[in-house]
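The values are calculated or read from the model by the stated rules, or taken from the named source; none is laboratory data. Keep in mind that this is a model prediction, so the values were computed, not measured. Please note: Cβ atoms are built from the backbone with ideal geometry, for glycine as well, and neighbour counts cover all protein chains shown. For accessibility, only protein heavy atoms count, side chains too; no ligands or nucleic acids. Shrake-Rupley method; radii C 1.70, N 1.55, O 1.52, S 1.80 Å.
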Amino acid sequence: SIIRSLKLTGSHGLHMSRCYASSVPTTKMFINNEFVESQTDKWVDLHNPATNEVVTRVPQSTRSEMEAAVAAAKAAFPAWSNTTVLTRQQIMFRLQDLIKKNMKRLAANITLEQGKTLVDAEGDVLRGLQVVEHCCSITSLQLGESMPGIAKDMDTFTFRMPLGVTAGITPFNFPAMIPLWMFPMAAVTGNTSVMKPSERDPGATMILMELCKEAGMPPGVVNVIHGTHDSVNFICDNPDIKAISFVGSDQAGQYIYERGSKSGKRVQSNMGAKNHGVIMPDANKESTLTSLIGAAFGAAGQRCMALSTAIFVGEAREWIPELVERARKLKVSAGTEPDADLGPVISPESKKRVCDLVQSGIDAGAEILLDGRDIQVKGYENGNFVGPTILHQVDPSMKCYTEEIFGPVLVSMEVETLDDAIEVVNSNPYGNGTAIFTTNGATARKYTMECDVGQVGVNVPIPVPLPMFSFTGSRGSFRGDQNFYGKQGIQFYTQIKTVTQMWRGEDAVSTRPATNMPV
Ligand code: NAD
(Lines give C-alpha, C1' and ligand atoms only; values in the text may rest on other atoms or scores of the structure.)
Protein backbone atom coordinates (compact mmCIF):
# COMPACT_ATOMS: atom_id res chain seq x y z
CA SER A 1 0.00 0.00 0.00
CA ILE A 2 2.94 2.34 0.38
CA ILE A 3 3.78 1.84 -3.29
CA ARG A 4 1.81 4.52 -5.10
CA SER A 5 2.33 5.66 -8.65
CA LEU A 6 3.45 9.09 -9.71
CA LYS A 7 4.15 9.78 -13.38
CA LEU A 8 7.52 11.13 -14.37
CA THR A 9 9.85 11.05 -17.33
CA GLY A 10 12.49 8.37 -16.98
CA SER A 11 14.54 6.12 -19.22
CA HIS A 12 11.43 5.08 -21.17
CA GLY A 13 9.99 8.56 -21.53
CA LEU A 14 6.45 8.63 -20.21
CA HIS A 15 6.16 5.03 -19.15
CA MET A 16 7.85 5.19 -15.85
CA SER A 17 6.39 5.72 -12.46
CA ARG A 18 8.16 6.38 -9.23
CA CYS A 19 7.61 4.15 -6.23
CA TYR A 20 7.67 6.03 -2.99
CA ALA A 21 9.04 2.86 -1.46
CA SER A 22 12.31 2.79 -3.37
CA SER A 23 12.48 6.02 -5.41
CA VAL A 24 13.56 3.96 -8.43
CA PRO A 25 11.29 4.32 -11.46
CA THR A 26 9.42 1.20 -12.54
CA THR A 27 8.75 -0.24 -15.97
CA LYS A 28 5.07 -0.62 -16.76
CA MET A 29 3.20 -3.28 -18.65
CA PHE A 30 1.15 -2.50 -21.77
CA ILE A 31 -2.32 -4.01 -21.80
CA ASN A 32 -5.20 -2.91 -24.02
CA ASN A 33 -3.24 0.17 -25.16
CA GLU A 34 -2.71 1.35 -21.59
CA PHE A 35 0.55 1.54 -19.63
CA VAL A 36 -0.24 -0.32 -16.44
CA GLU A 37 1.68 -0.43 -13.16
CA SER A 38 2.14 -3.98 -11.89
CA GLN A 39 0.77 -4.85 -8.45
CA THR A 40 3.43 -7.50 -7.96
CA ASP A 41 5.78 -7.75 -5.02
CA LYS A 42 8.55 -9.29 -7.18
CA TRP A 43 10.82 -6.85 -9.01
CA VAL A 44 14.09 -7.18 -10.92
CA ASP A 45 16.53 -4.27 -10.67
CA LEU A 46 17.83 -3.20 -14.06
CA HIS A 47 21.36 -1.73 -14.00
CA ASN A 48 23.14 0.47 -16.51
CA PRO A 49 25.95 -1.90 -17.59
CA ALA A 50 28.42 1.00 -17.85
CA THR A 51 27.94 2.17 -14.26
CA ASN A 52 25.87 -0.51 -12.50
CA GLU A 53 23.51 2.17 -11.26
CA VAL A 54 19.90 1.03 -11.03
CA VAL A 55 17.92 2.51 -13.91
CA THR A 56 14.51 0.98 -13.41
CA ARG A 57 12.78 -1.90 -11.71
CA VAL A 58 11.05 -4.48 -13.88
CA PRO A 59 8.08 -6.37 -12.47
CA GLN A 60 7.38 -10.06 -12.55
CA SER A 61 3.81 -9.60 -13.81
CA THR A 62 1.28 -11.39 -11.65
CA ARG A 63 -0.78 -14.25 -13.00
CA SER A 64 -3.90 -12.11 -13.18
CA GLU A 65 -2.00 -9.38 -15.05
CA MET A 66 -0.70 -11.91 -17.56
CA GLU A 67 -4.21 -13.32 -17.94
CA ALA A 68 -5.51 -9.79 -18.54
CA ALA A 69 -2.95 -9.33 -21.34
CA VAL A 70 -3.98 -12.58 -23.04
CA ALA A 71 -7.67 -11.73 -22.56
CA ALA A 72 -7.08 -8.33 -24.21
CA ALA A 73 -5.30 -9.99 -27.14
CA LYS A 74 -8.04 -12.61 -27.45
CA ALA A 75 -10.80 -10.00 -27.35
CA ALA A 76 -9.06 -7.88 -29.98
CA PHE A 77 -8.53 -10.76 -32.41
CA PRO A 78 -11.97 -11.07 -34.09
CA ALA A 79 -12.17 -7.39 -35.07
CA TRP A 80 -8.47 -7.03 -35.86
CA SER A 81 -8.37 -10.11 -38.09
CA ASN A 82 -11.38 -8.68 -39.94
CA THR A 83 -9.86 -5.27 -40.63
CA THR A 84 -8.94 -4.83 -44.25
CA VAL A 85 -5.40 -5.58 -45.26
CA LEU A 86 -5.14 -1.95 -46.37
CA THR A 87 -5.96 -0.77 -42.84
CA ARG A 88 -3.20 -2.94 -41.40
CA GLN A 89 -0.82 -1.75 -44.10
CA GLN A 90 -1.55 1.91 -43.30
CA ILE A 91 -0.76 1.33 -39.62
CA MET A 92 2.58 -0.19 -40.66
CA PHE A 93 3.33 2.87 -42.81
CA ARG A 94 2.70 5.10 -39.81
CA LEU A 95 4.67 2.84 -37.46
CA GLN A 96 7.75 2.85 -39.69
CA ASP A 97 7.59 6.64 -39.89
CA LEU A 98 7.30 6.96 -36.11
CA ILE A 99 10.20 4.57 -35.51
CA LYS A 100 12.39 6.68 -37.82
CA LYS A 101 11.37 9.84 -35.99
CA ASN A 102 12.13 8.22 -32.61
CA MET A 103 15.38 6.55 -33.67
CA LYS A 104 17.60 8.61 -31.34
CA ARG A 105 15.29 8.17 -28.39
CA LEU A 106 15.14 4.41 -28.88
CA ALA A 107 18.92 4.24 -29.31
CA ALA A 108 19.50 6.26 -26.13
CA ASN A 109 17.32 3.87 -24.18
CA ILE A 110 19.12 0.84 -25.62
CA THR A 111 22.52 2.27 -24.68
CA LEU A 112 21.29 3.06 -21.17
CA GLU A 113 19.83 -0.37 -20.48
CA GLN A 114 21.91 -2.67 -22.71
CA GLY A 115 25.24 -0.83 -22.94
CA LYS A 116 26.05 -0.94 -26.66
CA THR A 117 27.34 2.20 -28.36
CA LEU A 118 24.81 4.76 -29.55
CA VAL A 119 25.73 4.19 -33.20
CA ASP A 120 25.34 0.44 -32.78
CA ALA A 121 22.04 0.99 -30.95
CA GLU A 122 20.75 2.91 -33.98
CA GLY A 123 21.73 -0.09 -36.09
CA ASP A 124 19.70 -2.28 -33.71
CA VAL A 125 16.65 -0.09 -34.33
CA LEU A 126 17.29 0.19 -38.07
CA ARG A 127 17.47 -3.57 -38.61
CA GLY A 128 14.11 -3.91 -36.84
CA LEU A 129 12.67 -0.98 -38.75
CA GLN A 130 13.48 -2.83 -41.98
CA VAL A 131 11.11 -5.61 -40.89
CA VAL A 132 8.34 -3.04 -40.37
CA GLU A 133 9.09 -1.59 -43.80
CA HIS A 134 8.83 -5.07 -45.27
CA CYS A 135 5.48 -5.53 -43.49
CA CYS A 136 4.24 -2.59 -45.54
CA SER A 137 4.27 -4.99 -48.55
CA ILE A 138 1.67 -7.18 -46.88
CA THR A 139 -0.70 -6.71 -49.83
CA SER A 140 1.66 -8.93 -51.82
CA LEU A 141 3.13 -11.01 -49.00
CA GLN A 142 -0.09 -12.58 -47.71
CA LEU A 143 -1.43 -13.66 -51.10
CA GLY A 144 -2.76 -17.18 -51.38
CA GLU A 145 -2.80 -19.41 -54.45
CA SER A 146 -5.56 -20.36 -56.86
CA MET A 147 -6.25 -22.89 -59.55
CA PRO A 148 -9.37 -22.54 -61.67
CA GLY A 149 -11.00 -25.56 -63.32
CA ILE A 150 -9.75 -28.36 -61.04
CA ALA A 151 -12.92 -30.23 -62.10
CA LYS A 152 -15.97 -29.27 -64.08
CA ASP A 153 -17.25 -25.89 -62.78
CA MET A 154 -14.86 -26.14 -59.81
CA ASP A 155 -12.00 -23.93 -58.63
CA THR A 156 -9.64 -24.16 -55.66
CA PHE A 157 -7.99 -21.28 -53.85
CA THR A 158 -6.14 -20.71 -50.59
CA PHE A 159 -6.20 -17.97 -47.99
CA ARG A 160 -3.40 -17.29 -45.51
CA MET A 161 -5.40 -16.88 -42.30
CA PRO A 162 -4.05 -15.49 -39.00
CA LEU A 163 -3.65 -17.87 -36.05
CA GLY A 164 -5.08 -15.84 -33.14
CA VAL A 165 -3.11 -14.76 -30.08
CA THR A 166 0.65 -15.15 -30.50
CA ALA A 167 3.51 -14.55 -28.06
CA GLY A 168 7.07 -13.24 -28.35
CA ILE A 169 9.90 -13.89 -25.86
CA THR A 170 13.05 -11.90 -26.55
CA PRO A 171 16.72 -11.76 -25.43
CA PHE A 172 18.71 -8.82 -24.07
CA ASN A 173 21.15 -8.31 -26.92
CA PHE A 174 18.91 -6.63 -29.52
CA PRO A 175 16.22 -4.85 -27.49
CA ALA A 176 14.59 -3.22 -30.55
CA MET A 177 15.42 -5.43 -33.52
CA ILE A 178 14.22 -8.74 -32.12
CA PRO A 179 10.84 -7.58 -30.77
CA LEU A 180 10.42 -5.96 -34.21
CA TRP A 181 11.01 -9.37 -35.86
CA MET A 182 7.89 -10.51 -34.01
CA PHE A 183 4.92 -8.27 -33.21
CA PRO A 184 4.77 -6.28 -36.50
CA MET A 185 4.77 -9.53 -38.51
CA ALA A 186 2.11 -10.97 -36.21
CA ALA A 187 -0.06 -7.85 -36.37
CA VAL A 188 0.15 -7.19 -40.09
CA THR A 189 -0.97 -10.76 -40.83
CA GLY A 190 -4.04 -10.23 -38.60
CA ASN A 191 -2.85 -11.77 -35.31
CA THR A 192 -2.69 -10.22 -31.87
CA SER A 193 0.28 -10.61 -29.52
CA VAL A 194 1.58 -10.71 -25.99
CA MET A 195 5.27 -9.78 -25.83
CA LYS A 196 7.62 -10.70 -22.98
CA PRO A 197 10.78 -8.67 -23.54
CA SER A 198 14.04 -9.46 -21.78
CA GLU A 199 13.81 -8.41 -18.13
CA ARG A 200 17.29 -6.95 -18.61
CA ASP A 201 16.28 -4.24 -21.10
CA PRO A 202 12.56 -3.94 -21.80
CA GLY A 203 12.68 -0.15 -22.34
CA ALA A 204 12.88 -0.18 -26.14
CA THR A 205 9.83 -2.45 -26.35
CA MET A 206 7.91 0.00 -24.15
CA ILE A 207 8.79 2.92 -26.43
CA LEU A 208 7.71 0.83 -29.42
CA MET A 209 4.35 0.26 -27.69
CA GLU A 210 3.85 3.98 -27.40
CA LEU A 211 4.57 4.26 -31.13
CA CYS A 212 2.15 1.41 -31.96
CA LYS A 213 -0.59 3.24 -30.11
CA GLU A 214 0.24 6.49 -31.90
CA ALA A 215 0.27 4.65 -35.24
CA GLY A 216 -3.34 3.60 -34.63
CA MET A 217 -2.97 0.01 -33.48
CA PRO A 218 -6.28 -0.76 -31.74
CA PRO A 219 -6.36 -1.77 -28.05
CA GLY A 220 -5.30 -5.36 -27.39
CA VAL A 221 -3.51 -5.97 -30.70
CA VAL A 222 -0.10 -5.80 -29.01
CA ASN A 223 0.42 -6.20 -25.25
CA VAL A 224 3.47 -6.46 -23.03
CA ILE A 225 3.98 -8.43 -19.84
CA HIS A 226 7.24 -8.72 -17.91
CA GLY A 227 9.14 -11.25 -15.91
CA THR A 228 11.26 -14.35 -16.24
CA HIS A 229 10.52 -18.04 -15.82
CA ASP A 230 6.97 -17.64 -14.48
CA SER A 231 5.96 -15.55 -17.48
CA VAL A 232 7.63 -17.98 -19.88
CA ASN A 233 5.81 -20.95 -18.31
CA PHE A 234 2.55 -19.02 -18.42
CA ILE A 235 3.01 -18.35 -22.14
CA CYS A 236 3.97 -21.96 -22.92
CA ASP A 237 0.92 -23.35 -21.13
CA ASN A 238 -1.80 -20.81 -21.91
CA PRO A 239 -4.35 -22.48 -24.22
CA ASP A 240 -5.38 -19.19 -25.86
CA ILE A 241 -1.85 -18.59 -27.19
CA LYS A 242 -1.42 -20.34 -30.53
CA ALA A 243 2.21 -19.63 -31.41
CA ILE A 244 5.45 -18.60 -29.70
CA SER A 245 8.42 -16.81 -31.23
CA PHE A 246 11.51 -17.15 -29.07
CA VAL A 247 15.04 -15.79 -29.44
CA GLY A 248 17.68 -16.36 -26.78
CA SER A 249 19.94 -18.98 -25.23
CA ASP A 250 19.92 -22.73 -25.88
CA GLN A 251 18.76 -23.57 -22.40
CA ALA A 252 15.66 -21.37 -22.60
CA GLY A 253 15.02 -22.05 -26.29
CA GLN A 254 15.01 -25.82 -26.03
CA TYR A 255 12.82 -25.67 -22.96
CA ILE A 256 10.31 -23.30 -24.57
CA TYR A 257 10.27 -25.28 -27.82
CA GLU A 258 9.46 -28.47 -25.94
CA ARG A 259 6.99 -27.06 -23.44
CA GLY A 260 5.22 -24.87 -26.04
CA SER A 261 5.02 -27.68 -28.64
CA LYS A 262 3.72 -30.08 -26.02
CA SER A 263 0.76 -27.80 -25.44
CA GLY A 264 0.03 -27.73 -29.17
CA LYS A 265 1.58 -24.41 -30.18
CA ARG A 266 3.69 -23.50 -33.16
CA VAL A 267 7.12 -22.54 -31.89
CA GLN A 268 10.05 -20.94 -33.69
CA SER A 269 13.17 -20.83 -31.54
CA ASN A 270 16.40 -19.06 -32.49
CA MET A 271 19.21 -19.95 -30.11
CA GLY A 272 22.94 -19.75 -29.48
CA ALA A 273 25.82 -19.76 -31.91
CA LYS A 274 29.51 -20.22 -32.52
CA ASN A 275 30.21 -18.53 -35.84
CA HIS A 276 33.42 -19.21 -37.71
CA GLY A 277 35.28 -16.81 -39.95
CA VAL A 278 37.51 -18.72 -42.40
CA ILE A 279 40.46 -16.64 -43.61
CA MET A 280 42.06 -17.84 -46.84
CA PRO A 281 45.60 -16.71 -47.70
CA ASP A 282 44.34 -15.18 -50.97
CA ALA A 283 41.89 -12.88 -49.15
CA ASN A 284 42.20 -9.12 -49.25
CA LYS A 285 44.13 -8.64 -46.02
CA GLU A 286 43.02 -5.10 -45.27
CA SER A 287 39.29 -5.66 -45.58
CA THR A 288 39.45 -9.11 -43.97
CA LEU A 289 41.16 -7.91 -40.79
CA THR A 290 38.82 -4.92 -40.56
CA SER A 291 35.78 -7.15 -41.00
CA LEU A 292 37.02 -9.73 -38.53
CA ILE A 293 37.68 -7.17 -35.80
CA GLY A 294 34.31 -5.46 -36.27
CA ALA A 295 32.43 -8.76 -36.25
CA ALA A 296 34.31 -10.29 -33.30
CA PHE A 297 34.35 -7.31 -30.93
CA GLY A 298 31.46 -5.08 -32.04
CA ALA A 299 28.62 -4.89 -29.49
CA ALA A 300 31.19 -6.40 -27.07
CA GLY A 301 30.71 -9.72 -28.86
CA GLN A 302 27.10 -9.93 -27.68
CA ARG A 303 25.64 -10.74 -31.07
CA CYS A 304 24.35 -14.14 -32.08
CA MET A 305 26.03 -13.49 -35.44
CA ALA A 306 29.35 -12.32 -33.98
CA LEU A 307 32.32 -14.00 -35.65
CA SER A 308 33.66 -15.51 -32.45
CA THR A 309 36.03 -18.06 -34.01
CA ALA A 310 38.71 -17.33 -36.61
CA ILE A 311 40.15 -20.17 -38.67
CA PHE A 312 43.35 -19.10 -40.42
CA VAL A 313 44.09 -21.32 -43.41
CA GLY A 314 47.76 -21.87 -44.37
CA GLU A 315 49.82 -18.70 -44.84
CA ALA A 316 46.95 -16.51 -43.61
CA ARG A 317 48.34 -17.26 -40.13
CA GLU A 318 50.97 -14.59 -40.77
CA TRP A 319 48.32 -11.90 -40.35
CA ILE A 320 47.61 -12.80 -36.74
CA PRO A 321 50.10 -10.35 -35.14
CA GLU A 322 48.55 -7.49 -37.12
CA LEU A 323 45.07 -8.60 -36.10
CA VAL A 324 46.15 -8.44 -32.46
CA GLU A 325 47.67 -4.97 -32.81
CA ARG A 326 44.56 -3.62 -34.47
CA ALA A 327 42.24 -5.16 -31.90
CA ARG A 328 44.36 -3.65 -29.12
CA LYS A 329 43.59 -0.17 -30.46
CA LEU A 330 39.81 -0.47 -30.09
CA LYS A 331 38.39 2.02 -27.63
CA VAL A 332 36.40 0.44 -24.82
CA SER A 333 34.09 2.80 -22.95
CA ALA A 334 30.49 3.56 -22.08
CA GLY A 335 28.24 3.41 -25.13
CA THR A 336 27.40 7.07 -24.64
CA GLU A 337 31.02 8.12 -25.24
CA PRO A 338 31.25 9.23 -28.88
CA ASP A 339 34.59 7.52 -29.58
CA ALA A 340 33.70 4.16 -28.00
CA ASP A 341 34.10 1.13 -30.29
CA LEU A 342 32.61 -1.25 -27.78
CA GLY A 343 30.74 -0.88 -24.54
CA PRO A 344 30.35 -3.11 -21.48
CA VAL A 345 28.86 -6.59 -21.29
CA ILE A 346 25.39 -6.83 -19.82
CA SER A 347 26.12 -7.74 -16.18
CA PRO A 348 28.87 -8.48 -13.64
CA GLU A 349 27.82 -12.17 -13.85
CA SER A 350 28.27 -12.09 -17.59
CA LYS A 351 31.72 -10.50 -17.21
CA LYS A 352 32.71 -13.20 -14.74
CA ARG A 353 31.47 -15.93 -17.06
CA VAL A 354 33.42 -14.48 -20.00
CA CYS A 355 36.61 -14.15 -17.92
CA ASP A 356 36.23 -17.69 -16.55
CA LEU A 357 35.87 -19.11 -20.05
CA VAL A 358 39.01 -17.25 -21.15
CA GLN A 359 40.86 -18.67 -18.15
CA SER A 360 39.62 -22.17 -18.99
CA GLY A 361 41.18 -21.77 -22.45
CA ILE A 362 44.51 -20.66 -20.98
CA ASP A 363 44.45 -23.55 -18.50
CA ALA A 364 43.80 -25.98 -21.35
CA GLY A 365 46.83 -24.73 -23.29
CA ALA A 366 45.57 -21.91 -25.52
CA GLU A 367 47.85 -18.88 -26.00
CA ILE A 368 46.48 -15.54 -24.86
CA LEU A 369 47.54 -13.00 -27.48
CA LEU A 370 45.44 -10.15 -26.12
CA ASP A 371 43.94 -10.07 -22.64
CA GLY A 372 41.19 -7.55 -21.92
CA ARG A 373 40.01 -9.02 -18.64
CA ASP A 374 41.59 -6.47 -16.32
CA ILE A 375 40.67 -3.39 -18.30
CA GLN A 376 40.01 -0.19 -16.35
CA VAL A 377 37.74 2.34 -18.03
CA LYS A 378 38.30 5.85 -16.78
CA GLY A 379 35.15 7.45 -15.43
CA TYR A 380 33.29 4.10 -15.49
CA GLU A 381 35.19 2.12 -12.88
CA ASN A 382 32.06 0.19 -11.85
CA GLY A 383 31.08 -0.91 -15.36
CA ASN A 384 31.14 -4.49 -16.67
CA PHE A 385 33.92 -3.92 -19.17
CA VAL A 386 35.98 -6.57 -20.91
CA GLY A 387 38.52 -5.43 -23.47
CA PRO A 388 39.12 -7.25 -26.77
CA THR A 389 40.64 -10.63 -26.01
CA ILE A 390 42.24 -13.12 -28.40
CA LEU A 391 42.91 -16.76 -27.55
CA HIS A 392 45.02 -18.57 -30.12
CA GLN A 393 45.83 -22.24 -30.82
CA VAL A 394 42.42 -23.12 -29.48
CA ASP A 395 41.46 -26.74 -29.87
CA PRO A 396 37.84 -27.77 -30.65
CA SER A 397 37.76 -29.80 -27.43
CA MET A 398 38.36 -26.74 -25.21
CA LYS A 399 35.45 -25.29 -23.25
CA CYS A 400 36.20 -21.81 -24.62
CA TYR A 401 35.35 -23.27 -28.03
CA THR A 402 32.49 -25.61 -27.21
CA GLU A 403 30.60 -22.91 -25.26
CA GLU A 404 29.26 -19.66 -26.65
CA ILE A 405 31.29 -16.97 -24.84
CA PHE A 406 29.06 -13.99 -25.75
CA GLY A 407 31.73 -11.42 -24.95
CA PRO A 408 34.52 -9.60 -26.84
CA VAL A 409 36.65 -12.72 -27.15
CA LEU A 410 37.95 -14.13 -30.42
CA VAL A 411 39.10 -17.72 -30.30
CA SER A 412 41.45 -18.55 -33.11
CA MET A 413 42.95 -21.64 -34.70
CA GLU A 414 45.18 -22.59 -37.62
CA VAL A 415 44.50 -25.28 -40.23
CA GLU A 416 46.30 -26.26 -43.43
CA THR A 417 43.50 -26.52 -46.01
CA LEU A 418 40.00 -25.36 -46.83
CA ASP A 419 38.76 -28.93 -46.29
CA ASP A 420 40.19 -28.85 -42.75
CA ALA A 421 38.33 -25.60 -42.09
CA ILE A 422 35.06 -27.03 -43.41
CA GLU A 423 35.49 -30.05 -41.16
CA VAL A 424 35.88 -27.84 -38.08
CA VAL A 425 32.79 -25.79 -39.00
CA ASN A 426 30.63 -28.82 -39.73
CA SER A 427 31.73 -30.63 -36.58
CA ASN A 428 30.46 -27.76 -34.46
CA PRO A 429 26.86 -28.33 -33.37
CA TYR A 430 25.74 -24.76 -34.11
CA GLY A 431 24.66 -23.52 -37.55
CA ASN A 432 23.79 -19.86 -37.19
CA GLY A 433 26.29 -18.01 -39.39
CA THR A 434 29.72 -18.18 -40.95
CA ALA A 435 31.90 -16.15 -43.29
CA ILE A 436 34.70 -16.93 -45.66
CA PHE A 437 37.25 -14.34 -46.76
CA THR A 438 38.77 -15.06 -50.16
CA THR A 439 39.31 -13.58 -53.61
CA ASN A 440 38.80 -16.96 -55.29
CA GLY A 441 35.29 -17.66 -56.58
CA ALA A 442 35.76 -21.43 -56.70
CA THR A 443 36.93 -21.46 -53.07
CA ALA A 444 33.94 -19.34 -52.05
CA ARG A 445 31.54 -21.59 -53.94
CA LYS A 446 32.98 -24.77 -52.48
CA TYR A 447 32.71 -23.32 -48.99
CA THR A 448 29.14 -22.07 -49.39
CA MET A 449 28.05 -25.45 -50.77
CA GLU A 450 29.87 -27.68 -48.28
CA CYS A 451 29.51 -25.85 -44.98
CA ASP A 452 26.40 -26.90 -43.08
CA VAL A 453 25.46 -23.48 -41.75
CA GLY A 454 22.24 -21.55 -42.31
CA GLN A 455 23.67 -18.10 -43.13
CA VAL A 456 26.88 -17.75 -45.11
CA GLY A 457 28.84 -14.59 -45.87
CA VAL A 458 31.40 -14.38 -48.66
CA ASN A 459 33.61 -11.44 -47.70
CA VAL A 460 30.61 -10.33 -45.58
CA PRO A 461 31.34 -10.85 -41.89
CA ILE A 462 27.81 -10.69 -40.44
CA PRO A 463 25.47 -12.04 -43.11
CA VAL A 464 22.14 -11.27 -41.41
CA PRO A 465 19.60 -11.39 -44.25
CA LEU A 466 17.40 -8.39 -45.02
CA PRO A 467 13.70 -9.03 -44.44
CA MET A 468 12.82 -9.87 -48.03
CA PHE A 469 14.70 -13.05 -47.06
CA SER A 470 14.45 -14.83 -43.70
CA PHE A 471 16.88 -15.28 -40.78
CA THR A 472 17.89 -18.85 -41.49
CA GLY A 473 20.08 -20.15 -38.67
CA SER A 474 20.16 -23.95 -38.71
CA ARG A 475 21.17 -27.08 -36.76
CA GLY A 476 21.79 -26.34 -33.04
CA SER A 477 20.98 -22.66 -33.50
CA PHE A 478 17.33 -23.21 -34.44
CA ARG A 479 14.31 -25.28 -33.58
CA GLY A 480 11.09 -25.19 -35.54
CA ASP A 481 10.37 -25.29 -39.23
CA GLN A 482 9.57 -21.70 -40.16
CA ASN A 483 12.27 -19.09 -39.65
CA PHE A 484 11.87 -15.47 -38.59
CA TYR A 485 10.60 -12.69 -40.88
CA GLY A 486 10.54 -12.69 -44.69
CA LYS A 487 8.38 -15.27 -46.47
CA GLN A 488 8.93 -17.82 -43.71
CA GLY A 489 7.79 -15.31 -41.10
CA ILE A 490 4.52 -14.81 -42.98
CA GLN A 491 4.09 -18.59 -43.10
CA PHE A 492 4.80 -18.89 -39.38
CA TYR A 493 2.07 -16.40 -38.48
CA THR A 494 -0.57 -17.77 -40.87
CA GLN A 495 -2.35 -21.05 -41.52
CA ILE A 496 -3.74 -22.02 -44.88
CA LYS A 497 -7.42 -22.38 -45.56
CA THR A 498 -8.13 -24.14 -48.84
CA VAL A 499 -11.49 -23.52 -50.49
CA THR A 500 -12.86 -25.73 -53.24
CA GLN A 501 -15.97 -24.26 -54.83
CA MET A 502 -18.42 -25.28 -57.48
CA TRP A 503 -20.72 -22.86 -59.23
CA ARG A 504 -22.97 -24.54 -61.73
CA GLY A 505 -26.10 -23.42 -63.51
CA GLU A 506 -29.44 -24.96 -62.40
CA ASP A 507 -29.77 -26.87 -65.67
CA ALA A 508 -26.48 -28.75 -65.08
CA VAL A 509 -27.26 -29.96 -61.53
CA SER A 510 -27.36 -33.78 -61.32
CA THR A 511 -30.22 -35.38 -59.38
CA ARG A 512 -28.33 -38.59 -58.69
CA PRO A 513 -26.33 -38.59 -55.37
CA ALA A 514 -22.61 -39.33 -55.85
CA THR A 515 -21.64 -42.00 -53.32
CA ASN A 516 -18.21 -42.69 -54.77
CA MET A 517 -15.11 -40.69 -53.81
CA PRO A 518 -15.11 -37.66 -56.13
CA VAL A 519 -12.38 -37.98 -58.77
P1 NAD B 1 18.20 -15.88 -22.38
O2 NAD B 1 17.81 -17.21 -22.90
O3 NAD B 1 18.83 -15.78 -21.05
O4 NAD B 1 16.88 -14.96 -22.32
C5 NAD B 1 15.97 -14.92 -23.41
C6 NAD B 1 14.55 -14.87 -22.87
O7 NAD B 1 14.25 -16.11 -22.23
C8 NAD B 1 14.35 -13.78 -21.85
O9 NAD B 1 13.12 -13.15 -22.12
C10 NAD B 1 14.38 -14.51 -20.52
O11 NAD B 1 13.52 -13.93 -19.58
C12 NAD B 1 13.92 -15.91 -20.85
N13 NAD B 1 14.64 -16.96 -20.11
C14 NAD B 1 15.95 -16.93 -19.72
N15 NAD B 1 16.29 -18.10 -19.14
C16 NAD B 1 15.20 -18.87 -19.16
C17 NAD B 1 14.93 -20.21 -18.73
N18 NAD B 1 15.86 -20.95 -18.16
N19 NAD B 1 13.70 -20.70 -18.93
C20 NAD B 1 12.76 -19.95 -19.53
N21 NAD B 1 12.97 -18.69 -19.96
C22 NAD B 1 14.16 -18.15 -19.78
O23 NAD B 1 19.10 -15.20 -23.50
P24 NAD B 1 19.88 -13.83 -23.39
O25 NAD B 1 21.06 -14.01 -22.50
O26 NAD B 1 18.94 -12.71 -23.11
O27 NAD B 1 20.38 -13.66 -24.90
C28 NAD B 1 21.61 -14.15 -25.36
C29 NAD B 1 21.43 -15.45 -26.11
O30 NAD B 1 20.52 -15.28 -27.18
C31 NAD B 1 22.72 -15.94 -26.77
O32 NAD B 1 22.80 -17.33 -26.63
C33 NAD B 1 22.54 -15.56 -28.23
O34 NAD B 1 23.26 -16.34 -29.15
C35 NAD B 1 21.08 -15.78 -28.38
N36 NAD B 1 20.57 -15.04 -29.51
C37 NAD B 1 20.25 -15.75 -30.63
C38 NAD B 1 19.80 -15.08 -31.75
C39 NAD B 1 19.46 -15.84 -32.99
O40 NAD B 1 18.76 -15.28 -33.83
N41 NAD B 1 19.90 -17.08 -33.13
C42 NAD B 1 19.66 -13.69 -31.73
C43 NAD B 1 19.99 -13.01 -30.56
C44 NAD B 1 20.44 -13.69 -29.45
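So here's what we get for this one:
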quantity: Conditions (1) within 16 Å of the ligand (Cβ to nearest atom); (2) buried (at least 24 other Cβ atoms within 10 Å of the Cβ); number of the one not met by L342; calculated: (1)
quantity: Residue in region 259-270 that is within 10 Å of the ligand (Cβ to nearest atom) and over 18 Å from the mean Cα position of the chain (by Cα) present; calculated: yes
quantity: For S245: the one exception among (1) open to solvent by 10 Å² or more (accessible area, probe 1.4 Å); (2) within 11 Å of the ligand (Cβ to nearest atom); (3) among the small types (G, A, S); (4) under 23 Å from Q491 (Cβ atoms); calculated: (1)
quantity: Residue match in region 77-86 (condition: in contact with a helix residue (DSSP H, G or I) (Cβ under 8 Å, 6 or more places away or on another chain), buried (at least 23 other Cβ atoms within 10 Å of the Cβ) and under 30 Å from V232 (Cβ atoms)); calculated: no
quantity: Residues of region 344-370 satisfying the condition of being farther than 11 Å from K399 by Cβ and in a loop (DSSP other than H, G, I, E, B); calculated: P344, V345, I346, S347, G365
quantity: Residue match in region 301-308 (condition: assigned to a helix (DSSP H, G or I), within 16 Å of the ligand (Cβ to nearest atom) and in contact (Cβ under 8 Å) with a residue 24 or more places away in the chain); calculated: yes
quantity: Test: E113 is within 13 Å of the ligand (Cβ to nearest atom) and buried (at least 24 other Cβ atoms within 10 Å of the Cβ); calculated: yes
quantity: Which listed residue is open to solvent by 10 Å² or more (accessible area, probe 1.4 Å) and within 9 Å of the ligand (Cβ to nearest atom), from N238, N233; calculated: N233
quantity: Every residue from region 121-134 that is under 17 Å from G335 (Cα atoms) and buried (at least 24 other Cβ atoms within 10 Å of the Cβ); calculated: A121, D124, V125
quantity: Helices (runs of 4 or more DSSP H) (entirely within region 392-479) containing at least 3 residues that are within 15 Å of the ligand (Cβ to nearest atom) and open to solvent by 60 Å² or more (accessible area, probe 1.4 Å); calculated: none
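Here's the yes/no breakdown for (1) buried (at least 24 other Cβ atoms within 10 Å of the Cβ); (2) at pLDDT below 95:
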position: L95; (1), (2): yes, no
position: S146; (1), (2): no, no
position: D153; (1), (2): no, yes
position: G164; (1), (2): no, no
position: P202; (1), (2): yes, no
